[in-house]
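Rule-based calculations on the coordinates, nothing more; no lab input. Note that the structure is a prediction, hence the values are computed from the model and not measured. Here the Cβ is made from the backbone with ideal geometry for all residues, glycine too, and neighbour counts use every protein chain on show.
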């Protein structure tokens with residue numbers, strides 16, 4: 001089976017405090033730790049487990065800049081056979097639909113049976129997979145938590161729905177699935193693995209090779225654009241305890257007593 | 001302004017909890033006009049739900065089809081594309097169903113798409129300015145959305161308050177025949193309920209809830225020891241279940257359990273909206289070493305500290321001061 005996984009390099013929110021830059025136009029990106037978008041990593045692992053069973057190969061692609069090559073290489077160290085960087089100044093300023101349009105053009109250059117994305121990335125939009133599927137007229141399922149191969153070019157999948165329930169469906173190939181975290185246990189990638197793929201060439205594709213123009217997918221075509229960032233004020237905000245650890249523990253004890261936690 | 005629609009999910013003859021929130025969100029776009037609700041399904045449960053919504057929506061468009069007995073987003077999308085007029089604005093909930101349906105719907109309607117919206121305002125007849133959260137809720141963004149050729153907007157459940165508006169008497173409009181036959185490359189088979197866990201976290205007054213900040217499985221005992229002296233249960237957020245450090249039955253959130261304890265100690269939990277959706281009340285104390293963690297926006301009391309050091313000291317202090325534990 002030929003599988004494409006669409007991945008993204010993102011600031012690692014578990015490793016970083018995210019601050020605004022002084023203009024509020026972006027987050028402060030100096031000194032941020034970047035990594036593969038976590039659900040994307042699960043998607044690559046799932047793809048590798050499928051091809052280990054039935055053969056085929058796993059390709060990873062990202063839309064970005066030279067800096068994003070590192071996540072392609074990381075996923076190739078996991079076992080993906082091919083990595084492709086889609087990068088072109090003409091594609092800057094895309095909205096989600098623009099990214100999906102670029103990926104559509106890329107998918108049509110290949111011959112994939114299955115296309116995976118992570119369920120969402122750093123912007124939390126959870127949009128590109130579903131858009132890509134609709135553009136390709138492929139069936140789609142989001143929040144996928146298991147994939148079983150079936151005969152006759154079908155998969156049996158489960159989706160995560162409310163209250164811990166799992167929705168089981170059958171889906172025809174080729175299709176697009178967005179993968180939820182926890183679907184598997186992604187393999188460890190060590191320095192040795194990274195070094196092994198350090199010199200593997202990663203081709204770059206631009207707008208011309210994909211037959212795209214900026215007015216169909218770039219900033220000019222974007223219907224959605226970020227105006228600015230700001231620090232949210234949801235709710236009242238916590239009363240932050242600024243005491244020493246010992247004082248804070250005493251305060252928590254008081255609260256536990258007051259709220260019925262200790263008798 | 002364009003015609004406003006809200007797609008209303010329903011189950012067992014009752015509209016989704018978000019139905020009136022979606023009406024309120026639509027009214028933010030078009031205050032003067034009650035939106036049109038669209039419901040799909042089959043049988044008496046669909047009819048009941050349609051009737052129940054007539055006071056909040058100007059019309060209720062009903063799509064009745066046995067294929068839609070279960071809301072398969074692929075089929076619902078095809079149904080909607082057949083009946084929703086060009087340039088409409090469609091509002092849906094950003095939940096497991098909305099996430100499944102909305103992105104592809106926006107493509108097929110050739111409409112703008114913006115998701116998980118927590119607030120919005122109309123800038124001019126062709127633009128909306130919405131508020132979204134990024135980076136796990138650490139930062140918010142204003143996003144401008146060109147709605148001149150329509151839009152699909154998913155809103156975060158709980159973000160829009162169902163408001164008091166003069167009741168309308170929306171008529172039920174049959175759209176079944178217009179939709180016609182439906183088929184899709186994805187077919188629903190069954191729903192599997194979660195296995196009952198060893199501990200029912202919904203039955204506890206105090207939850208010691210751990211997140212990614214617990215760092216490794218070998219540290220779970222730190223939370224268990226505190227829970228022991230408090231007579232509490234240990235619950236958790238999604239990353240802990242993903243890593244298989246605790247079973248799914250301990251997960252609090254929209255894809256886990258909904259809990260209403262008296263006291264919730266969020267330990268090393270960042271506070272993703274999906275997690276917060278599972279906490280319905282109670283006093284919330286958050287301990288996290290990241291002062292920017294969104295959990296501090298909603299907690300009652302916050303402590304910026306490392307749980308791996310703070311919790312054991314708290315446990316010792318409880319043992320010292322409350323020698324006979326509450327168990």
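Cα centroids of segment B:85-107 and segment B:130-200: 7 Å apart.
Every helix of 4 or more DSSP H residues in chain B counts as -39500 (n - 2.57), and over all residues that averages to -7500 deg cm²/dmol at 222 nm. The share of Cα pairs per 10 Å bin across segment A:57-171, counted from zero up to the longest distance, runs 12, 39, 38, 11, 1 percent. Relative contact order, whole percent, for segment A:2-221 stands at 26, derived from Cα pairs under 8 Å and 6 or more residues apart. Counts of other chain beta carbons within 10 angstrom of each beta carbon in peptide A:119-125 average 6.
Taken along its principal axes, the alpha carbon cloud of segment B:201-321 reaches lengths of 37, 28, 27 Å, longest axis first. Could you work out the pair-distance distribution P(r) of segment A:2-221 from its alpha-carbon pairs, with 10 angstrom bin width and percents rounded to whole numbers? The distribution over segment A:2-221 is 8, 33, 37, 19, 3, 0, given as percents. The modelled label-to-label distance for the pair residue A:81/residue A:12, using points 7 Å beyond Cα in the direction of Cβ, is 3.0 nm. For peptide A:131-138, the mean count of partner chain Cβ atoms within 10 Å of a residue's Cβ comes to 5.
Mean per-residue shielding of peptide A:168-177 is 3, counting Cβ atoms of other chains within 10 Å of each Cβ. In this calculation the C-beta distance from residue A:67 to residue B:262 is compared with R0 = 51 Å, giving a FRET efficiency of 0.60. In chain B, the DSSP beta bridges split such that about 25 percent are antiparallel, to the nearest 5.
Residues A:34, A:42, ranked from the fewest to the most other C-beta atoms within 10 Å, line up as A:34, A:42. Kindly express, to the nearest 10 degrees and within the range 0 to 90, the angle between helix B:96-108's C-alpha long axis and the longest C-alpha principal axis of chain B. Once rounded, the angle reads 40 degrees. Using alpha carbons only, how many degrees (0 to 90, rounded to 10) separate the axis of helix B:73-83 from the longest principal axis of chain B? Roughly 30 degrees, rounded to the nearest 10. In this calculation the C-beta distance from residue A:239 to residue B:70 is compared with R0 = 41 Å, giving a FRET efficiency of 0.35.
With a cut-off of 20 Å, note down the residues of segment B:208-248 whose backbone N falls inside the zone around a label point 7 Å from the Cα of residue A:52 toward its beta carbon. Answer for segment B:208-248: B:242-245.
Using the count of nearby Cβ atoms within 10 Å as a rough guide to exposure, how do A:208, B:191 rank from fewest to most?
Ascending Cβ contact count within 10 Å gives the list A:208, B:191.
Ranked by the mean number of other Cβ atoms within 10 Å of their residues, highest first, the peptides B:84-90, B:158-164, B:22-28 come out as B:22-28, B:84-90, B:158-164.
Each Cα pair under 8 Å and six or more residues apart adds its sequence gap; the mean of these over the residue count of segment B:117-203 is a relative contact order of 19 percent. Estimated from the Cβ-Cβ distance and a Förster radius of 45 angstrom, the FRET efficiency linking residue B:313 and residue A:185 is about 0.85. Of all DSSP-defined beta bridges confined to segment A:1-93, some 30% are antiparallel rather than parallel. Roughly what % antiparallel, to the nearest 5, for the DSSP beta bridges in chain A? Just about 40 percent of them are antiparallel. With respect to chain A, whose longest principal axis is taken over its alpha-carbon atoms, helix A:69-78 is tilted by about 80°. The three principal axes of the C-alpha atoms in the protein assembly as shown carry coordinate ranges of 70, 68, 52 Å, sorted with the longest axis first. When Rg and the Kirkwood radius Rh are both evaluated on Cα atoms of chain B, their ratio Rg/Rh stands at 1.04. Peptide packing: for B:133-143, A:112-122, the average count of neighbouring Cβ atoms within 10 Å per residue gives the ranking A:112-122, B:133-143, highest mean first.
Set against the 2.2 N^0.38 Å expectation for a compact globular protein, segment B:1-126 has a Cα radius of gyration ratio of 0.99. Computed over chain A, the per-residue total of -39500 (n - 2.57) for DSSP H runs of n ≥ 4 gives a 222 nm mean residue ellipticity of -8500 deg cm²/dmol, rounded to 500.
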